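The values are calculated or read from the model by the stated rules, or taken from the named source; none is laboratory data. None of the values given here were measured: they were computed from a predicted structure. Here the Cβ positions follow ideal geometry from the backbone for every residue, glycine too, while neighbour counts run over all protein chains shown. Please note that ligands, DNA and RNA were not included when accessible areas were found on the heavy atoms of the full protein model with its side chains. Shrake-Rupley method; radii C 1.70, N 1.55, O 1.52, S 1.80 Å.
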Amino acid sequence: MSPNFAALLALLHDGVREGRIAGAVALAEHAGQTLHLESTGWLDASRSQTMPLDARFWIASMTKPVTTVAALTLVEQGHLQLSDAVTAHLPELHNQRLVDGSEPPSPMTVLDLMRHTTGLTYGFMGGDAVRSAYVQAKAIDYSQSNADMVSKLARLPLLHEPGTVFEYSMATDVLGRVVEACTGQPLGEVMRERIFAPLGMESTGFEVRSDAAHLIARPLPHESFDLAPPPQGARWQSGGAGLWSTARDYAHFARMLLDDGCFEGRQVLQASTVRQMRKNHLPEAVHYGEHTENLGSVAPLPKNGRGFGLGLSVRLRDAAGQPPGHVGDFSWPGFSGTNFWCDPATGQVVVVMMQAPSQRLYYRDAARHAVYAEKS
């Protein structure tokens, strides 16, 4: 079953014509071969430059699976275990307490970081006291280091007991700091050595090279970001949302995940590790944070037929009202409007890049409907 790329491209063309998006780049692969790579619309809101195939997009939370893979390379080498208490690597978090001031009955683990069951949260996802404290502490700050960020979080209360509630959060940012603590290297350097170089992801990183600055995709003027894109030269290498990439580069990463850790003969992760990423790791009795619904169709809710693996949303069963796909497909999108998914049942990889946060939920699902539509 090859993807209906014509329907996907028509969807994106219409979005440009209707003024919903400035432009987009879409890529589809089938059985390990890139079948389609096309762009539509404009690189910039002023419509002075057509969208190039190698446009650089802020991929926001599509950074999270990359950070998770970086950490899993350390697990494979025995430097890290999923069962490790996070404090074994970041002792500054040792005195973190729950909202009521009590000590958590069980420690936050590396597994909790990968599946968002830490008790951490995001400050911009509500106005309660804990989330307001995140904002006041400037937990998100592009002038900080990952070490600075963890020091700030250490002074803030946990919203939930670790291991009990899926709460989308800064957990993957903390995981990035764990990677740095284990390796003694900046997160970006670890990613470059262990992921980007083996996968040929030459245009991916925490900043866009100066010679490619003219390729940065921009949103329409009315778009606003709850979490702003990192400025060029930012100090903070956010493991949760900091990377810039291209459709082609990210497709290399996605294909590696689909092909059990292998890309063009190079084994980036062991097959058994990738299979662990693609299976549900949420506890059977897990609860869900109040803003989980806002994640849309990728939210790992029972009604969506989805769970959460290691950095990935995974389809566990078919569910009414969900966009098309097959049991076993996996994905994680970006707040900025970027999206990808892999479908092992069909051998498909699809990457859709745009900078349109207000349109992210619509195009996340509409792209799937287009790709799986019957061809006329």
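Scanning region 179-203 for residues that are open to solvent by 20 Å² or more (accessible area, probe 1.4 Å), in contact (Cβ under 8 Å) with a residue 40 or more places away in the chain and in a loop (DSSP other than H, G, I, E, B) returns Pro186, Gly200, Glu202, Ser203. Taking each residue of region 350-361 that is among the hydrophobic types (A, V, I, L, M, F, W, C) and looking for partners that are assigned to a helix (DSSP H, G or I) with beta-carbon atoms closer than 6 Å, six or more apart or interchain, yields Val350/Val371; Val351/Ala247; Val351/Tyr250; Val351/Ala251; Val352/Ala367; Met353/Ala247; Leu361/Gly296.
Selection over region 324-361 of residues that are open to solvent by 10 Å² or more (accessible area, probe 1.4 Å) and over 13 Å from the mean Cα position of the chain (by Cα) gives a count of 14.
Residue-by-condition table, conditions (1) surrounded by fewer than 21 Cβ atoms within 10 Å (Cβ to Cβ); (2) among the aliphatic types (A, V, I, L, M); (3) over 30 Å from Met149 (Cα atoms):
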position: Arg235; (1), (2), (3): yes, no, no
position: Gly240; (1), (2), (3): no, no, no
position: Ser245; (1), (2), (3): no, no, no
position: Leu258; (1), (2), (3): no, yes, yes
position: Arg266; (1), (2), (3): yes, no, yes
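The C-beta contact set for region 23-41 (first residue over 18 Å from Ser245 (Cα atoms), second residue of a type in the set (Gly, Ala, Ser) and part of a loop (DSSP other than H, G, I, E, B), distance under 7 angstrom, 6+ apart or interchain) comprises His30/Ser2; His30/Gly347; Ala31/Gly347; Leu35/Ser2; Gly41/Ala22. In the set Ala147, Ala139, only one residue is among the hydrophobic types (A, V, I, L, M, F, W, C), under 22 Å from Leu243 (Cα atoms), without any contact (Cβ under 8 Å) to a residue 60 or more places away in the chain and surrounded by fewer than 17 Cβ atoms within 10 Å (Cβ to Cβ); that residue is Ala147. Filter region 300-315 for residues that are under 19 Å from the mean Cα position of the chain (by Cα) and assigned to a loop (DSSP other than H, G, I, E, B) and give the result. Within region 300-315, Pro300, Leu301, Gly309, Leu310, Gly311, Leu312 meet the criteria. Scanning region 38-48 finds one or more residues that are modelled with pLDDT under 95, in contact with a strand residue (DSSP E or B) (Cβ under 9 Å, 6 or more places away or on another chain), charged (D, E, K, R) and open to solvent by 10 Å² or more (accessible area, probe 1.4 Å). What number goes with the only condition from (1) closer than 17 Å to Ala85 by Cα; (2) crowded, with 23+ Cβ neighbours inside 10 Å that Glu167 does not pass? Failing condition for Glu167: (1).
Taken over region 268-277, the residue count meeting the criterion of being out of contact with any Ser or Thr (no Cβ under 7 Å at 6 or more places or on another chain), buried (at least 19 other Cβ atoms within 10 Å of the Cβ) and in a loop (DSSP other than H, G, I, E, B) is 1. Here Ser297 passes the criteria (1) of a type outside the set (A, V, I, L, M); (2) out of contact with any Asp or Glu (no Cβ under 6 Å at 6 or more places or on another chain); (3) surrounded by fewer than 23 Cβ atoms within 10 Å (Cβ to Cβ); (4) at pLDDT 95 or above except the one numbered (2). State which residue pairs qualify: first residue at positive phi and inside region 292-313, second residue open to solvent by less than 10 Å² (accessible area, probe 1.4 Å) in any location, beta carbons under 6 Å apart, and separation of 6 or more residues or different chains. Qualifying pairs under 6 Å: Gly311/Lys64; Gly311/Pro65; Gly311/Thr68; Gly311/Met114.
Scanning region 110-129 for residues that are of a type in the set (A, V, I, L, M) and modelled with pLDDT of 95 or more yields Val110, Leu111, Leu113, Met114, Leu120.
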